[in-house]
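Report on the structure given below.
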Amino acid sequence: MQLTCIAIDDEPLALSLMDSYIKKTSFLEGLGCFNSALEALETIKTQKPDIIFLDIQMPNLNGMDFAKNIDEDSKIIFTTAFDQYAIEGYKVNACDYLLKPISYKDFFEAVGKIYSSKCKQESQVKNSNSSDGIFIKADGKFVKVLFNRITYIEAVKDYIKICFDDKTAMPLMSLNRMKNIENELPENFVRIHKSFIINTEKIDYIERNHVIIGNVRIPIGGYFNASREIKDMKTLSCSELLELLKKEKS
């Protein structure tokens with residue numbers, strides 16, 4: 001598991017040190033280093049880093065005020081040369097408080113606690129997944145999704161879109177990868193295109209190189225050609241269709 005992080009500090013040397021520590025730590029992935037809190041706003045909003053290393057005394061907007069407006073999903077580690085902010089730091093739910101000059105030992109201990117906590121959380125969620133569904137992270141929380149409600153899953157840039165058989169239900173968007181969820185799905189789910197995983201039990205019909213589910217036409221990405229495979233068949237069971245799709249994929 002990787003934890004994403006950013007560093008914010010108006011001192012170039014301090015920022016460079018944090019950057020080197022991030023690169024040195026195998027389970028951290030740096031998303032950027034910023035000279036001010038305002039510069040980091042867009043990255044925090046769009047990429048939602050797991051950890052924010054945040055200096056306190058900075059011009060325009062100090063780190064303490066900035067921390068009050070950060071989503072609780074991002075863990076804050078204050079980095080400062082002044083110890084008088086420690087109590088105030090914990091009031092804004094900071095995970096740790098590192099005094100400059102910061103040693104790698106202190107840095108590693110701080111991020112290690114967050115990493116261990118995240119691993120434990122993911123393990124608990126994974127263990128709570130039942131055979132009838134899975135928990136998907138979306139909008140900063142884990143949402144339970146029942147397998148029998150899913151019609152298809154589509155890759156949309158850096159997100160996956162999970163669509164349901166209930167037409168009144170909005171699709172669930174998760175910052176995720178297809179391969180992550182593909183391994184967690186039951187056998188009746190097949191990836192028939194690089195951008196689509198379908199629930200074969202929800203197929204209405206197959207027309208040439210498309211699967212139709214409701215009013216949605218989903219392309220079959222070269223794994224399966226219905227006219228060639230089943231041209232002499234009058235009926236086709238769901239299990240037979242599933243085997244044909246899996247055969248073509250392999």
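Assorted remarks:
- A single entry from Asp19, Asp9 fulfils the requirement of being surrounded by 20 or more Cβ atoms within 10 Å (Cβ to Cβ) and either outside the structural domain of Tyr97 (by TED's automatic domain parsing) or of a type in the set (Asp, Glu) (or both): Asp9.
- Among the residues of the stretch 154-192, those identified as part of a loop (DSSP other than H, G, I, E, B), of a type in the set (D, E, K, R) and in contact with a strand residue (DSSP E or B) (Cβ under 8 Å, 6 or more places away or on another chain) are Asp158, Asp165, Arg177, Glu184.
- Tally of residues being small (Gly, Ala, Ser) and touching a Phe, Trp or Tyr at 6+ places or on another chain (Cβ under 8 Å) across the stretch 29-50: 2
- Matching residues in the stretch 24-51 - criterion: being in a helix (DSSP H, G or I) and either among the hydroxyl-bearing types (Ser, Thr, Tyr) or at positive phi (or both): Thr43, Thr46
Residue-by-condition table, conditions (1) at pLDDT below 90; (2) under 17 Å from the mean Cα position of the chain (by Cα); (3) assigned by TED's automatic domain parsing to the domain that holds Ile213:
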{"site": "Thr151", "(1), (2), (3)": "no, no, yes"}
{"site": "Glu154", "(1), (2), (3)": "no, yes, yes"}
{"site": "Lys167", "(1), (2), (3)": "yes, no, yes"}
{"site": "Pro171", "(1), (2), (3)": "no, yes, yes"}
{"site": "Ile181", "(1), (2), (3)": "yes, yes, yes"}
{"site": "Pro186", "(1), (2), (3)": "yes, no, yes"}
{"site": "Val190", "(1), (2), (3)": "yes, no, yes"}
{"site": "His193", "(1), (2), (3)": "yes, no, yes"}
{"site": "Asn199", "(1), (2), (3)": "no, no, yes"}
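- Restricting attention to the stretch 132-149, the residues that are touching a residue at least 12 places away in the same chain (Cβ under 8 Å), farther than 12 Å from Glu184 by Cβ and either over 14 Å from the mean Cα position of the chain (by Cα) or in a strand (DSSP E or B) (or both) total 8.
- Verdict on Asp19 being under 21 Å from Ala81 (Cα atoms) and in a loop (DSSP other than H, G, I, E, B): no
- From Tyr104, Tyr115, Tyr85, residue being hydroxyl-bearing (Ser, Thr, Tyr), modelled with pLDDT of 85 or more and over 27 Å from the mean Cα position of the chain (by Cα): Tyr104
The values are calculated or read from the model by the stated rules, or taken from the named source; none is laboratory data. Please read all numbers here as calculations on a predicted model, not as lab measurements. Neighbour counts run over all protein chains shown; Cβ positions are idealised from the backbone, glycine included.
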